[in-house]
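> Okay, here's the structure, questions in a sec.
The values are calculated or read from the model by the stated rules, or taken from the named source; none is laboratory data. Keep in mind that what you see is a predicted model, and the values were worked out from it rather than measured. All Cβ positions, glycine included, derive from the backbone under ideal geometry; neighbour counts span all protein chains shown. Ligands, DNA and RNA are excluded from the accessible area calculation, which covers all protein heavy atoms including side chains. Shrake-Rupley method; radii C 1.70, N 1.55, O 1.52, S 1.80 Å.
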Amino acid sequence: MITAVIPGGAGPRNEGLVGELLRDPLIRKVIVLGAENGYPLPPGCRAFACDEPASGRTWNSLIAEIPTRYLLYFFSGDVRPDPRAAGRLLAVAEETGAGMVYADYAEMRGDTLREHPVNDYQQGSIRDGFDFGPLILISKAAARRALRKQGEIPPWQWAGFYDLRLKLSTDHELFHLPERLCVVEEAASGAGHFAYVDPRNRAFQQEMEEAATAHLKRIGAWLAPVFRDIPPSDQPFPLEASVVIPVRNRVRTVAEAVKSALAQRTDFPFNVIVVDNHSTDGTTAILADLVGRHPALKHLIPKRLDLSIGGCWNEAVYSETCGRFAVQLDSDDLYSGEGVLQRLVDALRRENCALVVGSYTIVDGNLREIPPGLIDHREWTDANGRNNALRINGLGAPRAFNTEILRRTGFPNVGYGEDYAVALRLSREYRVGRIYDSLYLCRRWEGNTDAALSIEQANRNDAYKDRLRTIEIRARRRMNGAK
């Protein structure tokens with residue numbers, strides 16, 4: 001019934017796993033990808049030469065050559081599957097007709113077992129970093145149907161599996177079984193929070209973008225680079241621009257952020273709107289003192305107690321003090337110079353766009369640059385940026401909005417992904433402008449809202465962005481008249 005595939009080469013570390021798999025009566029054969037020459041393999045186990053485990057050539061060959069109905073793929077050799085894992089995945093695949101089945105797992109930290117649940121797959125789960133866990137079961141029949149209908153996997157070096165699972169997901173369910181079916185040693189921290197914009201990963205990211213773009217075209221969600229014009233404004237505004245700073249309990253950094261905004265030099269009037277979400281650590285007193293010395297600073301304290309970051313943005317954007325353009329600054333970050341606001345507003349005026357996004361430099365709590373340094377999102381293009389935005393996790397910072405356009409949608413009242421939600425929505429219709437110079441110092445420190453997240457919270461964040469992508473894909477398909 002099953003061919004098991006283990007990547008990473010044959011060696012002593014895989015001996016136990018290979019033996020355990022060969023003892024399972026459901027498993028007919030074990031394939032070791034990239035097995036070292038000369039390393040003895042037991043009967044029922046064969047080496048499979050490949051360039052990269054995730055390449056198009058590897059996956060085309062596996063789907064074409066495996067002699068069984070299912071392929072049990074291990075993303076790592078350091079996996080201890082439950083004795084019934086293969087049978088459980090097989091039963092679910094047979095009972096549901098899914099194209100692929102995956103499950104939860106656990107991580108072993110010394111003698112401590114830590115559960116690692118994963119998310120359900122949805123239409124918007126097209127990010128290439130979606131976590132399926134360490135092992136998956138793929139239906140050979142479903143995979144072959146997908147490749148016959150949508151074409152073989154291109155000869156990509158890294159995007160082979162990504163392309164296959166996108167094609168599978170078009171007509172088949174990728175089914176999540178919420179049961180722990182294996183244990184792995186504690187996972188490494190990975191390539192890092194900003195790996196997808198690291199210039200060293202550009203070739204990898206280009207392949208992933210090509211695969212995602214092809215998928216969006218197949219399902220009717222791809223948008224051509226045709227944009228709506230920004231209509232002439234019919235709303236009065238008290239001034240040209242507002243810097244918006246939502247804050248809660250940032251006593252260590254809020255004064256620096258506010259002073260950075262107030263220090264901007266422009267040829268137009270602007271103000272700084274700080275929405276203080278009922279801080280309890282002394283932030284409010286600091287802001288009250290600054291307001292007394294700076295007339296351009298507006299200190300808003302919402303009446304409501306249920307606001308997250310997005311809700312605080314709405315307090316500023318819909319207030320009578322908001323300018324024609326609303327420009328973001330987080331309460332623990334700084335602008336990189338005194339001309340940032342002018343550059344962002346000039347770009348909004350000049351480029352007929354609803355949103356302009358700059359670039360930023362990653363710094364530590366003491367404002368010293370740390371790797372990867374400049375985050376400029378140069379993967380963005382007018383031709384395909386708003387399509388590739390559905391694959392990546394964000395568009396960058398600082399963000400500057402046309403307030404009149406922004407007021408038509410507002411922000412979702414959430415504390416994570418609110419900026420991504422608005423950027424996707426605006427990019428559906430309007431052009432997004434870019435500035436590739438560093439305009440912003442972004443602190444990575446223990447106070448970040450995404451620092452030291454639990455697995456459960458990280459999963460909720462990822463699932464929310466996937467849900468935003470699902471909404472956006474459906475809206476774009478409707479725009480295109482896709483059935």
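> Students often forget the sequence filter, so: which aspartates and glutamates lie under 13 Å Cα-Cα from residue 303 once same-chain residues fewer than 8 apart are removed?
276, 315
> Taking 0.36 nm per residue of separation and subtracting the Cα-Cα distance, what length does fully extending residue 471 through residue 22 add?
Length difference between fully extended and current span is 157.2 nm.
> Return the label of the correct value of semi-axes √(5λ) of the Cα gyration tensor in Å, as calculated from the structure shown, out of (i) 42, 23, 20; (ii) 38, 28, 19; (iii) 47, 24, 19.
Entry (iii).
> Which of the peptides 162-168, 63-69 is most tightly packed, and how do the rest follow, going by the mean number of other Cβ atoms within 10 Å of each residue?
162-168, 63-69
> Starting from the Cα of residue 483, draw a straight line to each of the lysines and keep only those under 23 Å, dropping any in the same chain fewer than 8 residues away.
In chain and number order, the partners are 149, 167, 217.
> Mind giving me the nanometre distance, one decimal, between the label points for residue 68 and residue 252, set 7 Å out from Cα along Cα→Cβ?
5.2
> Quick check: from the Cα gyration tensor, does region 381-483 come out rounded (a/c under 1.5), prolate or oblate?
oblate
> Now a separate question. Treating only the Cβ atoms of Lys and Arg (+1) and Asp and Glu (-1) as charged, compute the dipole magnitude of the chain about its Cα centre; round to the nearest 20 debye.
Taking the Cα centre of the chain as origin, the dipole is about 1460 debye.
> Same structure, new question: Give a quick list of GluC sites (Glu not before Pro) in region 376-447 that DSSP marks as loop, anything other than H, G, I, E or B, with at most 12 other Cβ atoms within 10 Å.
Sites meeting the loop and neighbour criteria: 446.
> Per 0.36 nm of contour for each residue apart, how much would the distance between residue 444 and residue 61 grow if the chain were fully extended, relative to their Cα-Cα spacing? Please report the intermediate quantities before stating the final value.
Working: separation 383, 0.36 × 383 = 137.88 nm, distance 4.30 nm.
Full extension of this stretch gives 133.6 nm more.
> Here's another thing I want to ask about it. Loop only by DSSP, 14 or fewer other Cβ within 10 Å of the Cβ. Give me the trypsin sites (Lys or Arg not before Pro) in region 260-313 that pass, ordered by residue number.
Listed in order of number, the matching sites are 265, 303, 304.
> Once neighbouring chains are kept in place and the probe is 1.4 Å, which whole percent of the accessible area of the chain is contributed by carbon and sulfur?
50
> Let me ask something else. Among 254, 178, 273, whose Cα sits farthest toward the positive end of the charge dipole of region 142-298 (+1 at Cβ of Lys/Arg, -1 at Cβ of Asp/Glu, about the Cα centre)?
178
> Charges at C-beta only: +1 for Lys and Arg, -1 for Asp and Glu. How large is the resulting dipole of region 312-468 about its Cα centre, in Debye rounded to 20?
That gives region 312-468 a dipole magnitude of about 600 debye.
> Among 394, 316, 101, flag the residue with its Cα farthest along the positive direction of the charge dipole of the chain, charges on Cβ as +1 for Lys/Arg and -1 for Asp/Glu.
Result: 101, furthest along the dipole toward the positive end.
> With a Förster radius of 45 Å, plug the Cβ-Cβ distance of residue 51 and residue 463 into 1/(1 + (r/R0)^6) and report the FRET value to the nearest 0.05. Mind dumping the intermediate values first?
Details: r = 33 Å, r/R0 = 0.74.
Efficiency, rounded to the nearest 0.05: 0.85.
> Per residue, how large is the accessible surface of the chain? Use a 1.4 angstrom probe and give square angstrom. The partial results should precede the final answer.
Working: 20820 Å² over 483 residues.
Spelled out: the 1.4 Å probe surface of the chain, per residue, equals 43 Å².
> Which one of 454, 374, 354 is farthest out on the positive end of the charge dipole of the chain, using unit charges on Cβ (Lys, Arg +1; Asp, Glu -1) and the Cα centre as origin?
Comparing the listed Cα positions along the dipole, 354 ranks first.
> How much of the DSSP bridge set in the chain is antiparallel, in percent, rounded to the nearest 5?
Percentage antiparallel, nearest 5: 40.
> If you don't mind, there's one more thing I want to ask. Is the C-alpha gyration tensor of region 85-229 telling us rounded, prolate or oblate? Criteria: a/c under 1.5 is rounded; beyond that, a/b larger than b/c is prolate, otherwise oblate. Don't skip to the end; give the middle numbers.
Details: a/c = 2.12, a/b = 1.27, b/c = 1.67.
Oblate.
> In nanometres, what is the gap between the two model label sites at residue 185 and residue 366, each 7 Å from Cα along Cα-to-Cβ?
3.4
> I would also like to ask the following. Roughly how many debye, to the nearest 20, is the charge dipole of region 1-110 about its Cα centre, given +1 on each Lys and Arg Cβ, -1 on each Asp and Glu Cβ, and no other charges? If you can, show how the numbers build up before the last one.
Working: 11 positive and 13 negative charges, 47 e Å.
In debye, rounded to 20, region 1-110 gives about 220.
> Which of the lysines could be linked to residue 298 by a straight reach, that is with a Cα gap under 26 Å, when you skip same-chain ones fewer than 8 residues away?
Correct list for residue 298: 259.
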